[in-house]
Amino acid sequence: MSQKHVDEVSGVETTGHVWDGIRELNNPLPRWWVWTFYATIVWAIAYTIAYPAWPLISSATGGMLGWSSRAMVREELAAAEAAKASYVAAVKEASVEQILANEELRRFATSAGAAAFKVNCIQCHGTGAQGSVGFPNLNDDDWLWGGKPEDIHQTIAHGVRFASDAETRISEMPAFGDMLDAEQIGNVSAFVASLAGMQADAARIEPGKQVFADNCASCHGDAAKGNRELGAPDLTDAIALYVHSPADIEQQIRAPRHGVMPAWFTRLGDVTVKELSVYVHSLGGGE
């Protein structure tokens, strides 16, 4: 056996490995490090015996301690449900107005309603309830059916134009393209545009006012302020679901679009609908 090389500078024996003329010193690991490494191996073996660890074909080893992360989550959820049970019971028994009058219950319902809104409502109304084309902004104070607590609750519970609910909100604007000629539609479009502060052909506004009085005032009112009992919008502001230009107004008069909102009572239950009602009312536009 050849004699092992000893480094001239450090006086330490080398391993015999050489890279580009660089030799590796044979410095063994500290004993405390080695024993720590062995301890981690023992700990890992003990851990896999005590807790679920080794994968099997359709499951995994259960562990001698019988611990389960899913069981722990179930216990935590059960504890959370038990903690809020008294509040849920109170919400179930109270009306939306009574919930709003009780500060502690109002805070609970608002928080729970915010969570329910994120799961069920943001797909249409947006994460900030700001709405989009065809879906109303729930932060403002412009309401088709009213912004009082009972009005909001009725709308959420039974929906809008939801055929399978007998108490759903119903409003249908006729397709005036089948009743008025092109000139009349152009005139009344100009009049409605002027009400919302849009630029319109001044020569068509006055004739359009008469067309409005003959065909539209019965729902929207003589002053075009709308009618919440019918779900007819206020035409004098700049807030609209589908309209952003005079051309949009003309299209909506000729062949109106009608949105549909589900009836959430049968899907979510009375408690969650009340919580949603309180949350929507709290957004800033509630009356």
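The values are calculated or read from the model by the stated rules, or taken from the named source; none is laboratory data. Keep in mind that this is a model prediction, so the values were computed, not measured. As a convention, Cβ positions derive from the backbone with ideal geometry for all residues, glycine included, and neighbour counts pool all protein chains shown.
The number of residues in the stretch 191-250 being on the phi > 0 side of the Ramachandran plot and in contact with a helix residue (DSSP H, G or I) (Cβ under 7 Å, 6 or more places away or on another chain) comes to 2. Looking at the structure I just gave you, is Ala115 exposed (fewer than 15 other Cβ atoms within 10 Å of the Cβ), closer than 19 Å to Gly269 by Cβ and assigned by TED's automatic domain parsing to the domain that holds Lys274? The answer is yes for Ala115.
Suppose we filter Ile152, Ile99 for residues that are in contact with a His (Cβ under 7 Å, 6 or more places away or on another chain) and surrounded by 15 or more Cβ atoms within 10 Å (Cβ to Cβ); which single one remains?
Every option except Ile152 fails the conditions.
Please state which one of Ala85, Ala79, Ala44, Ala50 is of a type outside the set (D, E, K, R), in contact with a Gly (Cβ under 8 Å, 6 or more places away or on another chain) and more than 30 Å from Glu8 (Cα to Cα).
The conditions single out Ala50.
Just so you know, in the stretch 163-197 the residues that are of a type in the set (Gly, Ala, Ser) and in a loop (DSSP other than H, G, I, E, B) include one that is surrounded by the most Cβ atoms within 10 Å (Cβ to Cβ), and it is Ala196.
The residues of the stretch 96-110 that are in contact (Cβ under 8 Å) with a residue 24 or more places away in the chain and not acidic (Asp, Glu), listed by number, are Val96, Ile99, Leu100, Arg106, Phe108, Ala109, Thr110.
Pairing each residue of the stretch 137-162 that is in contact (Cβ under 8 Å) with a residue 40 or more places away in the chain and part of a loop (DSSP other than H, G, I, E, B) with any residue that is among the β-branched types (Val, Ile, Thr) and buried (at least 20 other Cβ atoms within 10 Å of the Cβ), provided the two are 6+ apart or on different chains, yields C-beta distances under 6 Å for Leu138/Val280; Trp145/Thr155.
The single condition among (1) surrounded by fewer than 14 Cβ atoms within 10 Å (Cβ to Cβ); (2) within 24 Å of Lys274 (Cβ to Cβ) that Gly134 does not satisfy is (2).
Looking only at the stretch 198-227, residues that are out of contact with any Asp or Glu (no Cβ under 8 Å at 6 or more places or on another chain) and touching a residue at least 40 places away in the same chain (Cβ under 8 Å) come to 4 in all.
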